[in-house]
Amino acid sequence: MNLIRLLLRSSWKILALATFIGFLSGISTAGLLVVVNAQINQYSLNNTLMWSFIILCFIRFITNIISKFLLINLAEKTILGLRLILSERILAAPLSHLENIGKHQILATLTDDVLSISNTVYAIPTLCIDIAIVVSCLVYLFYLSSTIFFLVIISLLLGIFSYQSIGYKATSFFTLARQHNDKLFNHFQSIAEGTKELKLHYQRRQTLLKKELKDTAQLYRRTNVCGTTVFAVAAGWGNILFFVVIGLVIFAFPILQATPSHILSGYALTILYLLSPLDYIMSAIPTFSKATVALNKIDSLKLSLSNHFYESNLMDGVETDNFCQRLELFGVTHTYYQDQENTAFTLGPINFTIAAGEIVFIIGGNGSGKSTLVKLITGLYISESGKFYFNGKLVNAENREWFRQHFSVVFSDFYLFDNFLNLGKTISDKQIHDYLVKLQLDKKVKITNGMLSSTSLSQGQRKRLALLTAYLEDRPIYVFDEWASDQDPIFKKIFYTQLLPELKNKGKAVIVVTHDDHYFDLADRIFKLDYGKLGNELYTKVF
């Protein structure tokens with residue numbers, strides 16, 4: 001039912017039209033059975049029956065294609081809408097909430113759950129036609145003999161009831177399998193992101209492969225097999241019931257009551273034909289059960305994201321000032337819980353200002369909260385208290401998206417995109433190439449129509465490309481989180497003595513998180529962060 005509601009929300013008109021046409025397809029199929037049964041019981045060729053057979057075949061062919069075409073298009077539209085709304089909600093949710101959910105759960109929902117629903121939706125066109133065939137055939141059976149019809153209905157209801165009773169148990173297995181799938185994605189993420197560490201630590205690698213991954217994969221397989229097997233047993237039981245009905249109609253019923261041969265042949269022919277659509281319907285139920293579990297997971301994620309959803313994060317065409325007079329933070333704090341432990345880390349209260357044409361260094365030991373401070377300053381983390389002012393304007397929930405558009409940031413855990421087409425401005429390939437030459441990357445990557453030929457470079461080279469992206473964005477505030485840590489001495493010197501002063505001369509406000517004390521004299525001011533507390537200025541350049 002959840003899946004039907006999803007399709008109805010997408011387009012109830014198309015669903016209704018496709019269902020109606022599918023019903024016509026089912027009626028034409030039942031009509032073909034009537035014609036075939038009538039011709040079997042005739043001693044000579046009947047031209048009327050022959051032309052009726054040809055016309056019904058044509059109707060069956062056309063309605064089958066149209067119904068499937070409409071439903072497949074509706075299915076694709078629904079899946080597209082589901083993917084877009086999930087992606088939109090993810091990008092509109094606060095970063096801290098997404099970090100609490102975990103990348104593995106988000107990826108499992110966007111890939112595995114959506115794929116389960118997609119596979120199920122593809123089964124809907126055939127399923128609708130088969131249901132229409134079953135209904136039409138039952139009407140024909142009632143027309144032949146109401147007494148035998150009730151015998152068939154009782155058997156059908158018995159099969160459905162027993163199937164449903166067993167199906168609840170199978171669905172519980174699929175729910176468990178989906179939970180194990182989240183854990184599997186977590187292990188896959190560990191393999192993808194921790195390859196270097198795993199290669200260097202044999203015991204950790206063996207524990208992950210032989211115990212954690214293997215145990216989770218076996219549990220996932222076992223619960224899936226159990227659920228599918230339960231459904232297979234139920235389907236086998238349903239099929240054999242129909243053969244029992246055929247046996248009763250052919251062997252037992254004529255003993256109790258004299259029955260014309262055309263009725264007996266019509267029942268036998270129709271019931272045998274019904275086995276195929278009924279078998280498809282029953283085989284589709286496990287797929288629908290998996291889709292139900294997947295939809296529940298998606299709804300759960302959507303609800304979680306909706307509770308932390310900000311419409312302002314989805315603003316179209318955000319107009320920015322493209323200049324920075326002053327950024328000010330007064331008494332700003334942010335608290336979060338580390339991992340699954342019940343220990344809180346509080347950053348702040350932070351008092352911090354920076355103006356255009358200023359370079360500010362932030363220093364501090366590991367775990368002092370430097371990366372958290374960067375996310376707080378740039379508006380990615382939401383403060384529990386304190387106030388932000390940008391160019392004299394108070395930053396709040398309504399304009400936070402506007403505020404964030406003034407920053408170009410290279411994070412310590414940055415992500416590198418392979419195109420420069422989405423920066424909101426026209427940039428020629430020659431301009432990008434000139435920067436690649438300056439960063440000594442022109443031999444490594446080529447630029448064509450704003451697209452990089454490759455991003456498979458060393459970490460230091462990738463950071464240079466990330467720096468290039470930040471330069472091309474040309475925003476008023478630049479933030480570099482340990483950018484120079486992966487660079488060789490030559491590029492480290494170029495970064496501090498050429499690139500940062502160049503940004504300063506352009507009137508940019510520059511914030512640099514660094515450990516490079518050799519270049520502290522290049523900063524206008526230096527702040528030290530010590531376990532979440534930002535101290536007074538350690539250094540102020542005298543002009």
Checklist outcome for this item: Of those in segment 463-496 that are closer than 15 Å to ALA523 by Cα and of a type in the set (Ser, Thr, Tyr), the residue nearest to the chain's Cα centre (by Cα) is TYR478
Checklist outcome for this item: When every residue in segment 73-105 that is surrounded by fewer than 13 Cβ atoms within 10 Å (Cβ to Cβ) and within 11 Å of the chain's Cα centre (by Cα) is compared, the one nearest to LEU15 (Cα to Cα) is LEU80
Next on the checklist: Given the options THR259, THR270, name the one that is part of a helix (DSSP H, G or I), in contact (Cβ under 8 Å) with a residue 40 or more places away in the chain and either crowded, with 16+ Cβ neighbours inside 10 Å or basic (Lys, Arg) (or both).
Outcome noted: THR270
Checklist entry - Which residue, of LEU529, LEU522, is touching a helix residue (DSSP H, G or I) at 6+ places or on another chain (Cβ under 7 Å), surrounded by fewer than 18 Cβ atoms within 10 Å (Cβ to Cβ) and in the same structural domain as THR353 (by TED's automatic domain parsing)? => result LEU522
Next on the checklist: Among the numbered criteria (1) surrounded by fewer than 19 Cβ atoms within 10 Å (Cβ to Cβ); (2) not assigned by TED's automatic domain parsing to the domain that holds THR346, which one does LEU436 miss?
Outcome noted: (1)
Checklist outcome for this item: Among (1) in contact with an Asp or Glu (Cβ under 9 Å, 6 or more places away or on another chain); (2) modelled with pLDDT of 90 or more; (3) on the phi > 0 side of the Ramachandran plot; (4) not basic (Lys, Arg), GLY386 falls short only on (1)
Next on the checklist: For the list (1) crowded, with 17+ Cβ neighbours inside 10 Å; (2) within 22 Å of PHE243 (Cβ to Cβ), I need the number of the one condition that PHE173 fails.
Outcome noted: (2)
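Within segment 377-393, how many residues turn out to be part of a strand (DSSP E or B) and within 16 Å of THR353 (Cβ to Cβ)? Quick ask: steps written out before the conclusion?
Going through segment 377-393, the residues part of a strand (DSSP E or B) turn out to be 385-390, 393.
Add one more test, that the residue is within 16 Å of THR353 (Cβ to Cβ), and what stays is 386-390, 393.
Going through segment 377-393 one residue at a time, the tally reaches 6.
Which one of these is over 28 Å from PHE330 (Cα atoms) and touching a strand residue (DSSP E or B) at 6+ places or on another chain (Cβ under 8 Å): SER485, SER453, SER458?
Values: SER485 fails: touching a strand residue (DSSP E or B) at 6+ places or on another chain (Cβ under 8 Å); SER458 fails: touching a strand residue (DSSP E or B) at 6+ places or on another chain (Cβ under 8 Å).
Exactly one residue qualifies, and that residue is SER453.
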Checklist outcome for this item: Given (1) modelled with pLDDT under 90; (2) of a type in the set (Ser, Thr, Tyr); (3) surrounded by 15 or more Cβ atoms within 10 Å (Cβ to Cβ), THR378 misses just (1)
Checklist entry - Just checking, which of LEU441, LEU436 is of a type in the set (A, V, I, L, M), assigned to a helix (DSSP H, G or I), out of contact with any Cys (no Cβ under 6 Å at 6 or more places or on another chain) and at negative phi? => result LEU436
Checklist entry - Limited to segment 25-67, what total is found for residues that are in a helix (DSSP H, G or I), over 19 Å from LEU141 (Cβ atoms) and of a type in the set (A, V, I, L, M)? => result 8
Checklist entry - Does ALA470 satisfy being hydrophobic (A, V, I, L, M, F, W, C) and under 30 Å from GLY331 (Cβ atoms)? => result yes
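Go through segment 445-470 and give me each residue that's part of a loop (DSSP other than H, G, I, E, B) and either surrounded by fewer than 12 Cβ atoms within 10 Å (Cβ to Cβ) or in contact with a helix residue (DSSP H, G or I) (Cβ under 6 Å, 6 or more places away or on another chain) (or both). It would help to see each step written out before you state the result.
Here is the first cut: in segment 445-470, the residues part of a loop (DSSP other than H, G, I, E, B) are 445-446, 449-450, 453-458.
Selection gives ASN449, SER453, SER454, SER456, SER458.
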Checklist entry - Do you know which of the residues in segment 1-46 that are closer than 14 Å to ILE66 by Cβ and free of Cβ contacts under 8 Å to residues at least 24 places away in the same chain is farthest from the chain's Cα centre (by Cα)? => result PHE20
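The values are calculated or read from the model by the stated rules, or taken from the named source; none is laboratory data. On a predicted model such as this, the values are computed, not experimentally measured, just so you know. FYI the Cβ positions are ideal-geometry reconstructions off the backbone, even for glycines, and counts take in every protein chain you see.
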